[in-house]
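All remarks here apply to the structure that follows.
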Amino acid sequence: MTSSKASFFELDNDVTSMVKFGDGSRVAIQGCNTIIVRCWNGKHHALTDVYYIPQLCSSIISIGQLDKRSSEVLIKEGFLRIRDREQRLLAKVKRSLNRLYLLDLKVEQLVCLAARHSEEPWMWHARFGHLSFDALSRLEKMV
């Protein structure tokens with residue numbers, strides 16, 4: 001669950017419901033989708049079915065949801081370790097002084113690497129197999 005709408009590449013606003021917390025309070029789910037996070041080793045991992053809840057003060061990962069997704073959660077000797085179903089270590093977090101495990105996930109934005117150029121020099125650059133502009137200029141003088 002997160003309150004950061006910017007974490008989502010696309011948000012399914014049709015997913016709505018309520019979440020009830022341990023203290024009896026309820027908050028509204030205002031969407032759901034996948035977010036991409038960078039793990040401790042620099043690799044990317046998709047977290048699916050993440051709820052968008054604007055009222056949250058902090059993002060929360062549900063141990064129950066991790067279990068439902070066949071992830072392994074091990075808490076031992078002051079560390080929480082999360083492994084995916086292929087047993088790859090996704091996170092290792094040290095217990096804080098107030099007995100919480102604060103997971104610092106870096107949310108990544110999807111990037112499209114496609115480009116489109118309407119300028120003629122770029123068109124010829126692409127047509128000639130990405131020939132340098134200097135070489136294209138010399139070719140133009142020869143033709």
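Values quoted throughout were computed directly from the atomic coordinates according to the rules given, and no laboratory measurement underlies them. Computed from a prediction, not measured in an experiment: that's the story for all the values here. Heads up, the Cβs are rebuilt from the backbone with ideal geometry, glycines too, and the neighbour counts pull from every protein chain shown.
Here are the numbers for the structure shown:
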| quantity | calculated |
| --- | --- |
| Close Lys-Lys pairs in the chain, where close means Cα under 28 Å and separation is 8 or more or interchain | 24 |
| Descending semi-axes in Å of the range 23-68, equivalent ellipsoid built from Cα gyration tensor | 22, 12, 11 |
| Kirkwood hydrodynamic radius of the chain, Cα pairs, Å | 18.9 Å |
| Nearest-0.05 FRET efficiency for Arg69 and Lys5, computed from C-beta distance (R0 22 Å) | 0.45 |
| Helix axis angle, 133-142 relative to the chain longest principal axis, alpha carbon, degrees | 20 degrees |
| Normalised alpha carbon radius of gyration of the range 62-103 [divisor 2.2 N^0.38 Å] | 1.14 |
| Fraction of antiparallel bridges per DSSP, the chain only, in percent to nearest 5 | 95 percent |
